[in-house]
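Dumping the structure here so I can ask a few things about it.
The values are calculated or read from the model by the stated rules, or taken from the named source; none is laboratory data. Keep in mind the model is a prediction, meaning the values are calculated, not measured. All Cβ positions, glycine included, derive from the backbone under ideal geometry; neighbour counts span all protein chains shown. Surface accessibility is based on the protein's heavy atoms, side chains included, excluding ligands, DNA and RNA. Shrake-Rupley method; radii C 1.70, N 1.55, O 1.52, S 1.80 Å.
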Amino acid sequence: MTSTVRVVVLGALFAVLLAVLVLRLWTMQVTGVDAYEERAASQQVRVVTTPAPRGDIVDANGVKLAGTRSALAAVVDLALVDDDEQQSLAEKLGAFLDEPASAILEQLSGDNRGAQITVAKDLTDSQATFLLEHKEEFPGVSVIPQPIRTYPLGDLAAHVLGHIGRPNDQDLEREDIDGTDVVGKAGLEKSYDEQLQGSRGIVQYRVDAKRKVLSLVGESAPTAGRNLVLNIDAGVQQQVQDSLRDGLLLARKLEMEERANELTHKSRAERLSEALAEARSEVDPEPDEPTKGTAELGVDDDDVPRELEPVTVDPIDVLGPLYPGLPIDGVGVCVPVQRVSVPLGAEGVLSGFEPQFIRLESVVEVDGEFEATVSLSGERTSVRVNQYVDGAHQILQVLHITEEEVVLLHKDPWCPVRATSVVINPNDGSVIAMSSFPTYDPTVFVDGLSNEQWARLGTVGALQNFAVQGQYAPASTFKVVAYVLALEESYYPIDRGLGDKEVGAAPEGDDAPEQVPLLSDTAEYSCTGEFRFKLGDGSVQVKRDWKWPGGHGPLDLHGALEGSCNLYFWDLALRLWQDRYDNTDLDTENVLQQYARSFGFGAATGVDLPFEKDGLIPDRSWFSEEQSKETGRVRADGPWVGGDLMDIAVGEGATLATPLQVANAFAAMVNGGTVWQPRVVSHIVDGDGEILDVNLPIAISEADISPRTVRLLRQALQQVVNNPDRGTAYAAFRSFGENVELVGGKTGTGEVISAPATERFRQASNAWFVGVAPINDPEWVVSVVVERGGSGGRIAAPVARQILQYLLNGADGVTELVPGLDAD
């Protein structure tokens, strides 16, 4: 075949192929378009996910504390709703659900394209049936089963369990979380969120080009999350919560009785009159002295009025906790804080025995923030957020300002605020109970809190777990650290003789007694009188024991702990300070802090709960750093001195600890030196109860403490409760009943507001007690703090007594809560 013929043949072949291709394209694009469109429409598949139930949380005995129930939810798949349909759909859903259409439209609009939005979580059967029967009227709306978190026992262990909520930006960084999920926001719900989260289910729908659902293609069910088994005992937890609630109410009752008693001795009017007379005498100390110069002019002095500045006194300064404008509840008992909203141009009422009215006159914007002008008792004041209407008194604080209102916090600085407790096993760190009061029911977060609910809970601090977040001066409970140091190092205070302890001047005279350290833990120290520091400028600084005047008399180391003698431990710390330059192997300036840190003070315990605080054990380097940064936490001038170390020895000054830290430190001291990492969760199981993971005990460190020290410490703690002569908790435990001899503990009273000894009603203190039982072979350590509750012996020890009664003698062995005696 010639080349010409071959070219012709090939050309004809290509022409035929091209003709076939053109014909096929014509068929597909013109004559068969309807069939292909129908086929394509029928092959679109929409994949959606269904939420998984969160895992259960049960106590050590299997009591369910958090669970899940199934409910019918109305869910809008925005991928099936056109933008121009959203307004109409929101209006129909709003009418159907009896909710504002604007609120529903806000959920549907924005950057939610393609998302599934739950608009109703708990439909009734009739509501669900209606939506299913009227699908055409509610495009994109499906009725699907959805898990709802439940807390069967309400507020029991609320601060341990935590609560759930919608994810924030940080949560959304996780690959397993999207905007429609719920996540743990506090407590175990947060710490173990990844374990509690299950695996989502999948539902596949066939939809047409207009996104109308044609059929169900397939689905896979969600898988529930893992279950947490706790070390918490629900029975102990309930007793702790009951005792904390009753203890706080008792503390407030006692505070009101103390105020009423003061007024029987002298009324408010008499106090104000005396203060006014004193103020006038300061302005005009000699009112009868003739006016100079008038006699020389031949004018009768009695006829010449002297012009004096008007004299007033501040009733809050004069009366303190007796001031009748402090907030009270409906039955006349003090409350630490009340929230008051005042609309623009209107008045708000400040509760009190003499209620006051505050008016919001105006709101202006100054330098980018709102400034409110309010009128209180006829006086106008301009304030901004966080400022106080009453200046330095800090009774009335501005919380929030808008163009339309001001929100104020009306405070009583002397009123008991809250009560907190922890119960742990000193042998492995298990947390058996933990609570703060006021508390809350986590169920309120399931459907979302209203602004009013959020404000109410936030005002009283109900959402915070103060067992791990509250930082307090541990007060005299901290004396156990100095006690252990003394025994381990054979280091005791200087014997400064009877009566007042003079420091800062050398003894005068040849016959002045030599001041030498005590030589043993049984050598007696005169715990009487004052600690008097003679300063360089000739002035004298005085530190007094809680039992001043009178004192304790002679006590050895053990008696000093049992009776909580401040002077003994002050003098021990002062000797540490004075010996800091001696050539010994003991770093006396820092050894007290080193012992404290060896028992876990000054660092988070590592408990499996979020937001835990570190506490603080101060020293020279910390002090210098704070001073250089001008943080305001330390004095602006002057170096770190011996007085700072003396404050640490009795748990005051800048020393801070959480209730859990204090309990864990006591646990280490009575168990022989092992510092355990506290554990709320025991193990994790699947739905069939098979153990998937065990939260094994972890020893953080081992403190070097001898068996003799452990034995003597246990004995001293036992005497705090059982010694009728000097035990600071003896009165609180008199009604304990059987097994009281198995209980030991230590009281503490941390000063918050100081006052002269003659006006103790003005003082506010945090009440502490740490209990140990059985003291000969400890199984439980209980710490209790009643914030601004008074003395440890009077209020914290009785609260702990009830908890220890439950632990040792059962529920029937718990006796009525009554106050003990005032003791440090």
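Tell me the angle of helix 797-809 to the major Cα principal axis of the chain, expressed in degrees between 0 and 90 and rounded to the nearest ten.
Once rounded, one gets 60 degrees.
Over the chain, what relative contact order in percent results from Cα pairs under 8 Å that are six or more residues apart?
Computed value for the chain: 12 percent relative contact order.
Tell me the carbon and sulfur percent of the accessible area for the chain, rounded to whole percent, probe radius 1.4 Å.
Heavy-atom surface of the chain belonging to carbon and sulfur, 1.4 Å probe: 50 percent.
Which one, Y568, Q107, Y525, projects farthest toward the positive side of the charge dipole computed for the chain from Cβ point charges (K/R +1, D/E -1)?
Working it through, the farthest residue towards the positive pole turns out to be Q107.
Which whole-percent values make up P(r) of the stretch 551-628 when all C-alpha to C-alpha distances are grouped in 5 Å steps starting at zero?
3, 12, 15, 16, 19, 15, 10, 6, 2, 0
Provide the per residue accessible area, probe 1.4 Å, for the stretch 553-646, rounded to a whole number of square angstrom.
42
Separate question: Which value, in debye to the nearest 20, describes the size of the charge dipole of the stretch 47-226 about its Cα centre when Lys and Arg Cβ atoms bear +1, Asp and Glu Cβ atoms bear -1, and nothing else is charged?
560
In Å and whole numbers, how far do the C-alpha atoms of the stretch 569-609 stretch along each principal axis, longest first?
Result for the stretch 569-609: principal-axis Cα extents of 43, 22, 9 Å.
For the stretch 567-578, just list the computed ³J(HN,Hα) in residue order, Karplus coefficients 6.51, -1.76 and 1.60, θ = phi - 60°, integers in Hz, with x standing in for Gly and Pro.
The phi angles translate into 4, 4, 7, 4, 5, 4, 5, 5, 5, 4, 5, 5 Hz.
A further question follows. In whole angstrom, how far apart do the alpha carbon centroids of the stretch 645-662 and the stretch 212-281 sit?
24
Going by Cα centres, the stretch 553-618 and the stretch 367-396 are how many Å apart?
One Cα centre to the other: 43 Å.
A follow-up question, please. Considering the convex hull of the alpha carbon atoms of the stretch 578-721, report its projected area averaged over all viewing directions, in nm², one decimal.
Reported value for the Cα convex hull: 12.7 nm².
Moving on. Summing -39500 (n - 2.57) over the DSSP H runs of n ≥ 4 in the chain and dividing by its residue number, what mean residue ellipticity at 222 nm do you reach, to the nearest 500 deg cm²/dmol?
After summing the helix terms and dividing by residue count, I get -8500 deg cm²/dmol.
Return the inverse of the average 1/r over all pairs of distinct C-alpha atoms in the stretch 69-163, which is the Kirkwood hydrodynamic radius, in Å to one decimal.
Result for the stretch 69-163 stands at 14.5 Å.
Charges at C-beta only: +1 for Lys and Arg, -1 for Asp and Glu. How large is the resulting dipole of the chain about its Cα centre, in Debye rounded to 20?
I would put it at about 3240 debye.
Something else: For the stretch 719-824, what's the relative contact order in percent, using C-alpha pairs closer than 8 Å and at least 6 residues apart?
Worked out over the stretch 719-824, it gives 27 percent.
May I pose another question? Given the Cα atoms of the stretch 351-482, and with Rh set as the inverse mean 1/r over their pairs in the Kirkwood sense, what is Rg to Rh to two decimals?
Using only Cα positions, Rg/Rh for the stretch 351-482 is 1.09.
Ignoring ligands and nucleic acids, what accessible area does T68 show with a 1.4 Å probe (Å², nearest 10)?
Looks like 40 Å² after rounding.
Could you state the per residue volume, in Å³, of the convex hull enclosing the Cα atoms of the chain?
318
By how many nm would the segment from V47 to A95 grow when fully extended, if each residue of separation counts as 0.36 nm and the alpha-carbon distance is taken off?
That pair, V47 and A95, stretches by 14.4 nm at full extension.
Further question: Got a sec? Charge dipole of the chain, +1 on Cβ for Lys and Arg, -1 for Asp and Glu; which of V398, I705, L161 is way out at the positive end?
L161
If you don't mind, another one. How do T674, T522 rank by accessible surface area computed with a 1.4 Å probe, from largest to smallest?
T522, T674
Something else now. Can you give me the convex hull volume of the Cα atoms of the stretch 47-226, divided per residue and expressed in Å³?
Here the figure is 136 Å³ per residue.
May I pose another question? Separation between the D176 and D693 pseudo-spin-labels, each 7 Å from Cα along Cα→Cβ, expressed in nm?
Placing both labels 7 Å beyond Cα along the Cβ direction yields 0.8 nm.
Run the quick spin-label model on Q715 and L254: label points 7 Å from Cα toward the beta carbon, then report their separation in nm to one decimal.
The modelled label-to-label distance comes out at 3.1 nm.
At a Förster radius of 35 Å, what calculated FRET efficiency corresponds to the Cβ-Cβ distance of F611 and S102, to the nearest 0.05?
0.50
Let me ask something else. Let me know the charge dipole size of the stretch 650-799 about its Cα centre in debye, to the nearest 20, where only the beta-carbon of Lys, Arg (+1) and Asp, Glu (-1) is charged.
The calculated dipole for the stretch 650-799 is roughly 860 debye.
In nanometres, what is the gap between the two model label sites at E365 and T402, each 7 Å from Cα along Cα-to-Cβ?
Result for the modelled spin labels: 1.6 nm.
Between the stretch 800-824 and the stretch 41-96, what is the C-alpha centre distance in whole Å?
Here the two parts' Cα centres lie 48 Å apart.
Within the P(r) computed for the stretch 320-363, what percentage of the Cα pairs occupies the region above 15 Å?
Roughly 45 percent, rounded to a whole number.
Just going by the charge dipole of the chain, with Lys and Arg at +1 and Asp and Glu at -1 on Cβ, which of A186, V721, G789 is farthest out on the positive end?
Highest projection toward the positive end goes to A186.
To continue, here is another question. So which of K64/K411; K543/K746; K547/K629; K190/K629; K121/K185; K64/K92 end up more than 31 Å apart by C-alpha?
K64/K411; K547/K629; K190/K629; K64/K92
Between K266 and Q515, what's the calculated FRET efficiency when r is the beta-carbon distance and R0 is 45 Å? Round to 0.05.
With R0 = 45 Å, the Cβ-Cβ based efficiency is 0.55.
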